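Here the structure comes first, spelled out in structure tokens, and everything after it is commentary.
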Amino acid sequence: MKQVLNFNKKFNKLIFFLIITHSRFIIADIFNYFPELQNNLERIQFCDLPTPIIKLESFGDFVGYKNIFMKADSLTGKKIDNGKEINNSIECLYGGNKPRKLEFLLADAKKMGKETIITYGCAGSNHALATAVYAKELGFKRCILMLKNQPNSPVVRHNLMLDCYCGAELQFYPDNKTRRLAAEQMMRNDPSIYFIPTGGSNAIGAIGFVNAAFELKEQIKHGCMCVPDLIYIPIGSCGTVAGLLLGFQVLGLESKIVAVAVEPEEIESEFYINTKKIFTRTNALLHSLDPSFKIYEFPEDKFIINKKFTGAEYGLFTPEAAQAIRLFKSTENIKLEGTYSAKPISAIMDDLTNGFIKNETVLFWNTYCGIDYSDLTKLVDYKSMPIAFQRYFEEDIQPLSKID
């Protein structure tokens, strides 16, 4: 059995190589479909796109279902010149789903002549980290991360260390109201500040995932996979899902999105309301920039919210997420984390068991960059951080995050 598993891993690496080689020749871009946007919409291209589509052979063998693919947005990070880095093992900057949004958000900040970026997140925020990475890369003078508490984990420690490596200023806030008031005061006092909301999820940021829908359409056209029936993706700040839904409406893609909630809702139907709001605002913005971009109805029938795997609070690992992390690592040698990316895998496994998935083609959209940056984090002394963040390195991590 072990020999078979080892063979499957080697075979899957070959499949990965063939697919990534094939898919990276594809050029898919919203600007090709709507040329007028080139004159009216700012974008700084730093993502390594398109990200590959990979058939999950070993995972599929384990769960007994062959028709599962992965969109590897783990690999969006900008390729870098190793000769300029401290360690030659670092091949690309931080990736995940957030850089797609930041291509448009940071370009907008540059257009407006802004010098300081501020954004929200929790202590281990992937979005905050991606913002710090690309704000530094693009030469902004300051990047201020306004962070709240979350349960401790190795990802929290890793992201905080990389935040500091990138020169970001860390600020800790006990609640949303205190943070919002502080941000408003900073922006009143400093007109050079550009504010990016949680997750980069507003009309400008969501365009990054409207564009991702065009990318997927092109990959389907080039034979990377057939049209997926179900796309499993985590949902938190809602911009990623809103952008994809709008892109699918433009392109006529019939795929349904199964958005797996990452935390309990604070108000009833919060994820639905926020997704529809961002969808509508993004649609209106693109229409204003290019009138040939029509106004579309929100696709109620293509949007499914799965709330079964939220856990008790944001960032608190669940047993199902811990199981998914271990399983994905052992079958595909791909690293997930417990706040976002493991939850769609938990949902896929559950939907295979309960019969929701029957004969459909399934696409898992992996939003997490699991690359090991320990060569960089070891250069950071956590005691250089504000005291409020030092406790993440002095207190134990949550039990379920202790995954080998």
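The values are calculated or read from the model by the stated rules, or taken from the named source; none is laboratory data. This one's a predicted model, so the numbers in the text were calculated from it and none came from an experiment. Neighbour counts are summed over all protein chains in view; Cβ atoms, including those assigned to glycine, are modelled from backbone coordinates with ideal geometry.
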Looking at (1) basic (Lys, Arg); (2) modelled with pLDDT of 95 or more; (3) over 19 Å from the mean Cα position of the chain (by Cα), which is the only condition ARG100 fails?
(3)
Contact list please: Cβ distance under 9 Å, first residue in the stretch 384-395 and closer than 9 Å to ASN152 by Cα, second residue surrounded by 11 or more Cβ atoms within 10 Å (Cβ to Cβ) and of a type in the set (Val, Ile, Thr), pairs at least six apart or on different chains.
TYR392/VAL156
Within the stretch 350-391, how many residues are over 16 Å from VAL258 (Cβ atoms), in contact with a Gly (Cβ under 9 Å, 6 or more places away or on another chain) and either assigned to a strand (DSSP E or B) or among the aromatic types (Phe, Trp, Tyr) (or both)?
1
Among the residues in the stretch 248-265, are any assigned to a helix (DSSP H, G or I), farther than 13 Å from PHE298 by Cα and either modelled with pLDDT of 95 or more or not aromatic (Phe, Trp, Tyr) (or both)?
yes
Filter the stretch 130-147 down to the residues that are in contact with a Gly (Cβ under 9 Å, 6 or more places away or on another chain) and surrounded by fewer than 19 Cβ atoms within 10 Å (Cβ to Cβ), then identify the one that is farthest from GLY205 (Cα to Cα).
ARG142
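One line per residue, one yes/no per condition, for (1) modelled with pLDDT of 95 or more; (2) surrounded by fewer than 17 Cβ atoms within 10 Å (Cβ to Cβ); (3) touching a helix residue (DSSP H, G or I) at 6+ places or on another chain (Cβ under 8 Å); (4) within 22 Å of ASN366 (Cα to Cα):
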residue	(1), (2), (3), (4)
THR275	yes, no, yes, yes
ARG281	yes, yes, yes, no
SER288	yes, yes, no, no
THR331	yes, no, yes, yes
Which listed residue, of LEU379, LEU363, is buried (at least 21 other Cβ atoms within 10 Å of the Cβ) and not polar (S, T, N, Q):
LEU363
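Output the residues belonging to the stretch 99-117 that are part of a strand (DSSP E or B) and surrounded by fewer than 22 Cβ atoms within 10 Å (Cβ to Cβ).
At the first step, the residues of the stretch 99-117 found to be part of a strand (DSSP E or B) are 116-117.
Within the stretch 99-117, THR116 is the sole residue that qualifies.
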Where PRO264 falls short, out of the listed (1) under 21 Å from CYS122 (Cα atoms); (2) surrounded by fewer than 20 Cβ atoms within 10 Å (Cβ to Cβ); (3) touching a strand residue (DSSP E or B) at 6+ places or on another chain (Cβ under 7 Å)
(3)
